[in-house]
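These notes concern the structure reproduced below.
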Amino acid sequence: MPITKLDIQQFLQTTQNQIILDVRSPGEFEHAHIPGAISIPLFTNEERKIVGTAYKQESRERAIKIGLDYFGLKTVKIIEEVEKIISEKKSTSKEIGVHCWRGGMRSAAIAWLLDLYGFKVYILNGGYKAYRNWIIKQFYKPFDIRIIGGYTGSNKTGIINELKNLKEKTIDLEGLASHKGSAFGNLDQHPQPSQEMFENLLGGELDKHLANKNSSIIWIEDESQRIGNINIPNPFYETMRQHPVLFLVIPFEERLNHILNDYGKYHKEKIVNAIIRIKKKLGGLETKNAVNFILEDDLKSCFSLLLSYYDRLYLKSTYKREDADIKIKQLEFNSVNANTNTQKILQHVYNR
């Protein structure tokens, strides 16, 4: 079967239900990759460095010889690894996608090997670099967005999840960033993806929603541009700022109880450290009071103080957007119940 080179859009469509092998070095893959791709490195990080140095300082031919020397020792192992992946995924397909950084020597070598072994191989023309260029273009496309806003503790994420369960188009920015978007957003200590990997995840979600013609609206939780150590790409963030915000107005006590349920389970030390991180903005006296409440096991008073701080911060940020009085629609609710509130939001937007 001939090896087929495909442009990025064709490659993603053709391999949508197939295995994609990323044959770049482990370091390149770990930094960022096509979501769902599997790492089968042709070279280790050190081997890649040696081949690259030979290419720059000696010649292309010398680099190829060194690369082939490494490759020759790994052919059987690579085949066995691919067979193991296929077995684990219970795949019956003999079609497989392959890419490296620019669609050059590394992907060509692996493709030749897999083709020789009987696979139908698709190579990504231009490699991961072409994919990155495609991802960046996604952020400039027009989208019909509805923003779920509201003060901290309004269970906005719960509503996004409920909308997803109802087959609405949703993007969970905090989920993609592995962070809840505040000083308390990473108490679980989940590592955040790299900026590049976050962009890959977000761009893929946007493309998926564009392809789905069932509805034009994409639901997103209101966020500042920075989520932990991650930044929402500028062009997409500007698009977000130009679309309507449905601002949930929920009683303070209801939100406070929701926050207590969410964060009350964490160890005192983690909460104190999170408070210290916002000391400059919170102020010395309020920081001291909040920490003392934690030490006295008075979580409710502590979170009440912090919730008031975040309310002021969120209100200031929300009304910075252009035409805020037009683009922000307040919706009043009695509780943080995601199911009930989601139904009311859908009634408001679709006039059901």
Extension reserve of the Ile85-Ile64 stretch, reckoned as 0.36 nm per residue once the Cα distance is removed:
4.8 nm
Taking N as the number of residues in the stretch 69-172, the ratio of its alpha carbon radius of gyration to 2.2 N^0.38 Å works out to 1.63
Please compute the net charge surrounding Pro26, taking Lys and Arg as +1 and Asp and Glu as -1 over other residues with Cβ under 11 Å from its Cβ.
-3
Have a look at Ile136, Gly104, Tyr309 and report the one farthest towards the positive end of the charge dipole of the chain, computed about the Cα centre with Cβ charges (Lys/Arg +1, Asp/Glu -1).
Gly104
At 10 °C and a viscosity of 1.306 mPa s, what translational diffusion coefficient does Stokes-Einstein give for the stretch 4-136, taking Rh as the Kirkwood radius over Cα pairs? Give it in µm²/s as a whole number.
106 µm²/s
What do you get for trypsin sites (Lys or Arg not before Pro) in the stretch 222-273 restricted to DSSP loop and a cutoff of at most 16 other Cβ within 10 Å of the site's Cβ?
Lys265
For Glu238 and Tyr350, what is the calculated FRET efficiency with R₀ set at 41 Å and r taken between the beta-carbons, to the nearest 0.05?
0.95
Excluding residues fewer than 8 positions from Lys288 in its own chain, the aspartates and glutamates with Cα under 14 Å of it are Glu296, Asp298
Find the relative contact order for the chain and round it to a whole percent, using C-alpha pairs within less than 8 Å whose residues are 6+ positions apart.
18 percent
Where nothing but the Cβ of Lys and Arg (+1) and of Asp and Glu (-1) is charged, how large is the charge dipole of the chain around its Cα centre, in debye to the nearest 20?
600 debye
The extension gain from Ser194 to Glu95, computed as 0.36 nm times the residue separation minus the Cα-Cα distance, is 32.6 nm
Calculate the FRET efficiency for Leu73 and Asn161 from the Cβ-Cβ distance with a Förster distance of 35 Å, rounded to the nearest 0.05.
0.15
Could you work out how much longer the chain between Leu116 and Asp298 gets when fully extended? Use 0.36 nm per residue separation minus the Cα distance between them, nm to one decimal.
58.7 nm
Simple Cβ-charge dipole of the stretch 141-350, Lys/Arg +1 and Asp/Glu -1, about Cα centre, in debye nearest 20
240 debye
Treat the count of other C-beta atoms within 10 Å as a stand-in for reagent exposure and order Arg62, Arg24 from fewest to most.
Arg62, Arg24
Furthest towards positive pole of dipole, Asn351, Thr157, Thr4, structure part the chain, Cβ charges:
Thr4
Among Thr44, Tyr55, Leu206, pick out the residue whose Cα is farthest towards the positive end of the charge dipole of the chain, where Lys and Arg carry +1 and Asp and Glu carry -1 on C-beta, about the Cα centre.
Tyr55
Run through the DSSP bridge list for the chain and note the antiparallel percent, rounded to the nearest 5.
5 percent
Only one of the values [x] 20.5, 71; [y] 20.1, 60; [z] 24.8, 72 was calculated from this structure for Rg and Dmax of the Cα atoms in Å; name its label.
[z]
Taking only C-alpha positions in the stretch 141-350, Rg and Dmax in angstrom work out to 17.4, 54
Assigned charges on the beta-carbon of Lys, Arg, Asp, Glu; the stretch 128-239 dipole about Cα centre (debye):
340 debye
From the cross-link list Lys156/Lys180; Lys137/Lys208; Lys5/Lys120; Lys164/Lys270, the entries with a Cα-Cα span beyond 22 Å are Lys164/Lys270
Would you mind pulling out the separation of the Cα centroids of the stretch 200-217 and the stretch 218-269, in Å?
21 Å
DSSP loop GluC sites (Glu not before Pro) with at most 14 other Cβ within 10 Å: longest gap in the chain:
59-295
Compute the long axis of helix 127-138 from its Cα atoms, compare it with the longest principal axis of the Cα atoms of the chain, and write down the angle in degrees, 0 to 90, nearest 10.
30 degrees
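Quick note: the coordinates plus some simple rules give every number you see, no bench work behind them. Just so it is clear, the structure is predicted and the values come from calculations on it, not from any experiment. As a convention, Cβ positions derive from the backbone with ideal geometry for all residues, glycine included, and neighbour counts pool all protein chains shown.
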